[in-house]
Amino acid sequence: MEMTKYSKIYRIIHWVIAVTFMLLLITIFLRLTWLNKYHVATIIQGYLSDTDQFLTQEQLIALAKKIRQPMWNWHIYLGYILVGLFSIRFILPTFGHMKFQNPYDKNLTLKEKFQKWLYLIFYLFVIVSLTTGLIIEFGPKELKKPMEEIHVLGIYYLIGYILLHLTGIFIAEFTDQKGIISRIVSGSKKENKKFLETD
């Protein structure tokens, strides 16, 4: 099997998208755990009960949301960054970079076709997540609730895709694509040699 080569622009876009997704996952994890509104409300109520003060459950939830809002703003900012990154990703093929490969290509193996379809499905889910996120932020209020219900499902495909992606990378590294990890990090040996000569 021919060794996959990754251009500098491919590697930059790949890693910036990867880091952005990981940061997004952290904000989701925080919202579901330590900064869950009910958990934060319980902490506030525990503190207030020691000072003989009292807030209703609605007030506690409202206060909890305000406490975690600065963190959740980062989720929104990272979403905007992803919109920009994927816009660049989808425009680059018109300039000859990061071309989308056709899963219907008869020269592809069954494994390669599976990989191409997996990427296309992933991109479709990303488009849905980013679109629903933008509608939640900028769309009409009556669409906010149904868009949120779709948007929150994104965590399932994202975690599933990351696990599949990492599994595929390690399988490739130890089978027919030895060195794939170093190539996606630093490029081909030829590129590294050229860099060392000009450094």
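Every read-out reported here was derived from the displayed coordinates using simple, explicitly stated rules and does not represent laboratory data. Keep in mind the model is a prediction, meaning the values are calculated, not measured. Here the Cβ is made from the backbone with ideal geometry for all residues, glycine too, and neighbour counts use every protein chain on show.
I want to verify a result. In a Gaussian network model of the chain, Cα cutoff 10 Å, which of these has the top mean-square fluctuation: E58, E137, E173? So, out of E58, E137, E173, the one fluctuating most is E58. Using θ = phi - 60° in the Karplus curve 6.51 cos²θ - 1.76 cosθ + 1.60, the 3J(HN,Hα) couplings for the range 167-181 round to 4, x, 5, 5, 5, 4, 4, 9, 10, 9, 10, 4, x, 4, 5 Hz; x is entered for Gly and Pro. Label-to-label distance, I150 versus F95, with points set 7 angstrom from Cα along the beta-carbon direction: 3.0 nm. If R0 is taken as 30 Å, the Cβ-Cβ distance between K65 and V128 corresponds to a FRET efficiency of 0.70. Here mean projected area of the Cα convex hull in nm² was computed from the coordinates, and among (i) 16.3; (ii) 21.3; (iii) 11.3 the match is (i). Computed from the C-beta positions of Y157 and L55 and an R0 of 41 Å, the FRET efficiency is 0.60 to the nearest 0.05. Using the Cβ-Cβ distance between V16 and D176 with R0 set to 25 Å, the FRET efficiency works out to roughly 0.35. With K and R counted +1 and D and E -1, the other residues having a Cβ less than 14 Å from that of L92 yield a net charge of +4.
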